[in-house]
Amino acid sequence: MTKKTDRPGIVFMGTPGFAAGILSWLIQNGYPVRGVVTVPDKPAGRGLATRPSAVKQTALENGIPVLQPVSLKETAFLEALSAWDAPLFVVVAFRMLPREVWTMPPSGCFNLHASLLPRYRGAAPINHVLINGEKETGLTTFLIDEHMDTGAILLRERIPIADGDNAGTLHDRMMTAAGPLVAKTIDGLWSGTLRATAQPQVAPEDLKPAPKIGRETCRIDWDRDPVRIVNQVRGLSPYPCAFCTLRKSGVLVDVKVFQAQAEYADHSLTPGSIRTDGKKVLKVACRDGFVQLLEVQAAGKKRLNAAAFLAGFRDPGDSVFI
């Protein structure tokens, strides 16, 4: 019989690299993972070869059994999940769970969310806190209920956002902090010392959403102020990346922007107009100033700094970003 002083066997549910990093931390620190639940393998890449999720790859590398149900209500899946007899489920970056799943483990089913709930509920909190220019974010563990990211809070950890952070650097710092927080939550639920508290009431206008990133979220609107554009670049770099379209001599080319710098200034230029010395400086006019492009990638080309990009862009002529 398992003693309460032992670490519980857990089921881990997740999909992307963020979740895989936390799963690896738990395994390396001696938390017994009885099984993993993740999405079915999907076609990816130019050849559309079927690829497993990052969580599945981590599980297989560590000899952990994997379930990949199409539906989380399948009878066969629920029976297999129950057969693992895990007292606690851990969920990170996965689908909404039906009641049949989250009520199964006797010691609880909790989710780790990459924001300070109740703000930034949704699929892409790391991106949206940067897009909105926040100075602080955090991690929250909470008990799963019937709704999206609304369950009672278990633990929270605040994480400052540095001026130089982008989605990639913030993702990595949060992933590093998440492993110990998840472990602390497991230990607290298993020992019975951790109590959940309802999420605080927040005015609707202060509840900032974090929906899945789409193409229109990534398109740069040059009729915005420079800081807002730079925050958009930060929040989407290095993936999926903010982009704009360069029109040069009637030819349209999409250009991704990985790094940029804001500059407030008075001017009478049309938003999207280009100002460059032809050597190192590539600036784009926007409302109330300019955005200096520091690192870009034209469609079908390599990722380049401004100087290298300008080496192949000697004569801006009638070029404009739209």
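The values are calculated or read from the model by the stated rules, or taken from the named source; none is laboratory data. Predicted model only: the values in this text are computed from it and were never measured. Note that each Cβ is placed from the backbone with ideal geometry, even for glycine, and that neighbours are counted across all protein chains shown.
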Single unsatisfied condition, Tyr239 versus (1) of a type in the set (Ser, Thr, Tyr); (2) closer than 20 Å to Asn127 by Cβ; (3) modelled with pLDDT under 95: (3)
Any residue at all in the range 4-12 that's of a type outside the set (Val, Ile, Thr), loosely packed, with under 12 Cβ neighbours inside 10 Å and closer than 27 Å to Ile153 by Cβ? yes
In the range 84-120, what residues are among the acidic types (Asp, Glu) and not in a loop (DSSP other than H, G, I, E, B)? Glu100
Determine the pairs where a residue that is hydroxyl-bearing (Ser, Thr, Tyr), located within the range 65-86, has a partner that is at pLDDT 95 or above with Cβ atoms under 7 Å apart, the partner being 6 or more residues away or on another chain. Ser82/Met104
Going by the conditions given, is His147 at pLDDT below 95 and either under 18 Å from Ala93 (Cα atoms) or outside any loop (DSSP other than H, G, I, E, B) (or both)? yes
So, in the range 25-41, of the ones that are buried (at least 16 other Cβ atoms within 10 Å of the Cβ) and free of Cβ contacts under 8 Å to residues at least 40 places away in the same chain, which residue ends up nearest to Phe94 (Cα to Cα)? Val36
Could you give me the residue pairs with C-beta distances under 8 Å whose first residue belongs to the range 255-269 and is not assigned by TED's automatic domain parsing to the domain that holds Asn127 and hydrophobic (A, V, I, L, M, F, W, C), whose second residue is loosely packed, with under 13 Cβ neighbours inside 10 Å and in a loop (DSSP other than H, G, I, E, B) wherever it lies, and which are 6+ apart or on separate chains? Val255/Ala299
Starting from the range 276-289, take each residue that is assigned by TED's automatic domain parsing to the domain that holds Pro226 and touching a residue at least 24 places away in the same chain (Cβ under 8 Å) and list its partners that are assigned to a strand (DSSP E or B) and surrounded by fewer than 14 Cβ atoms within 10 Å (Cβ to Cβ), counting only C-beta distances under 7 angstrom and pairs at least six apart or across chains. Asp288/Tyr264; Gly289/Tyr264
With a cut-off of at least 3 residues that are of a type in the set (A, V, I, L, M, F, W, C), touching a residue at least 12 places away in the same chain (Cβ under 8 Å) and assigned by TED's automatic domain parsing to the domain that holds Leu310, name the helices (runs of 4 or more DSSP H) lying wholly within the range 167-249. 226-236
Just one of (1) closer than 15 Å to Trp222 by Cβ; (2) touching a strand residue (DSSP E or B) at 6+ places or on another chain (Cβ under 9 Å) trips up Lys256, so point out which. (1)
Could you say whether any residue in the range 250-258 is in contact with a helix residue (DSSP H, G or I) (Cβ under 8 Å, 6 or more places away or on another chain), surrounded by 12 or more Cβ atoms within 10 Å (Cβ to Cβ), of a type outside the set (Ser, Thr, Tyr) and closer than 28 Å to Lys135 by Cβ? yes
Identity of the residue in the range 53-81, farther than 22 Å from Trp25 by Cα and hydroxyl-bearing (Ser, Thr, Tyr), that ends up nearest to the chain's Cα centre (by Cα): Ser71
